[in-house]
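S.K.: Sending over a structure as structure tokens; questions will come in a sec.
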Amino acid sequence: MKTCQVVIDIPEEILLTENIDKISFANEIRLLAAIKLYELGRLSSGRAAELANIPRVEFLMTLNQYKVFPLESELRDLEIRFAT
């Protein structure tokens, strides 16, 4: 899989306040971005799991911690399909 790097400047005070190292913070941002993009329907659960760099099943199980329904996209597809 080919990847690219995205650089985000984070004020050091945030890392100090959160008492977290750069790598852990970067992993958390990746996970949160993946969850939000999944929730918005912009990524499938598989692609979101890739972005978060975790297995799909783990990603789906993690969604509950953030109050995101794990089958949101499937439910949305069914609603659209049966709306007619």
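S.K.: For the stretch 52-67: of the residues being surrounded by fewer than 12 Cβ atoms within 10 Å (Cβ to Cβ) and charged (D, E, K, R), which is nearest to residue 30 (Cα to Cα)?
M.R.: Per the stated criteria, the residue is 58.
S.K.: Tell me which residues, restricted to the stretch 50-60, are in contact with a Ser or Thr (Cβ under 9 Å, 6 or more places away or on another chain), more than 15 Å from residue 3 (Cβ to Cβ) and outside any loop (DSSP other than H, G, I, E, B).
M.R.: 56, 59, 60 - these are the residues of the stretch 50-60 that are in contact with a Ser or Thr (Cβ under 9 Å, 6 or more places away or on another chain), more than 15 Å from residue 3 (Cβ to Cβ) and outside any loop (DSSP other than H, G, I, E, B).
S.K.: Give 14, 80 a once-over and let me know the one that is among the aliphatic types (A, V, I, L, M) and either modelled with pLDDT of 95 or more or surrounded by 10 or more Cβ atoms within 10 Å (Cβ to Cβ) (or both).
M.R.: Checking each option against the conditions leaves just 14.
Conditions (1) modelled with pLDDT under 95; (2) part of a helix (DSSP H, G or I); (3) among the aromatic types (Phe, Trp, Tyr); (4) more than 27 Å from residue 72 (Cα to Cα), marked per residue:
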| position | (1), (2), (3), (4) |
| --- | --- |
| 1 | yes, no, no, no |
| 7 | yes, no, no, yes |
| 10 | yes, no, no, yes |
| 20 | no, no, no, yes |
| 24 | no, yes, no, yes |
| 30 | no, yes, no, no |
| 38 | yes, yes, yes, no |
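S.K.: If I ask for residues that are of a type in the set (A, V, I, L, M) and exposed (fewer than 14 other Cβ atoms within 10 Å of the Cβ), which ones from the stretch 30-51 would you list?
M.R.: 32, 40
S.K.: Quick one: which of 19, 27 is surrounded by 13 or more Cβ atoms within 10 Å (Cβ to Cβ), out of contact with any Ser or Thr (no Cβ under 8 Å at 6 or more places or on another chain) and of a type in the set (S, T, N, Q)?
M.R.: Going through 19, 27 in turn, just one is surrounded by 13 or more Cβ atoms within 10 Å (Cβ to Cβ), out of contact with any Ser or Thr (no Cβ under 8 Å at 6 or more places or on another chain) and of a type in the set (S, T, N, Q): 27.
The values are calculated or read from the model by the stated rules, or taken from the named source; none is laboratory data. What you see is a predicted model; the values in this text were computed from it and never measured. Every residue, glycine as well, gets a Cβ built from its backbone with ideal geometry; the counts of neighbours run over all protein chains shown.
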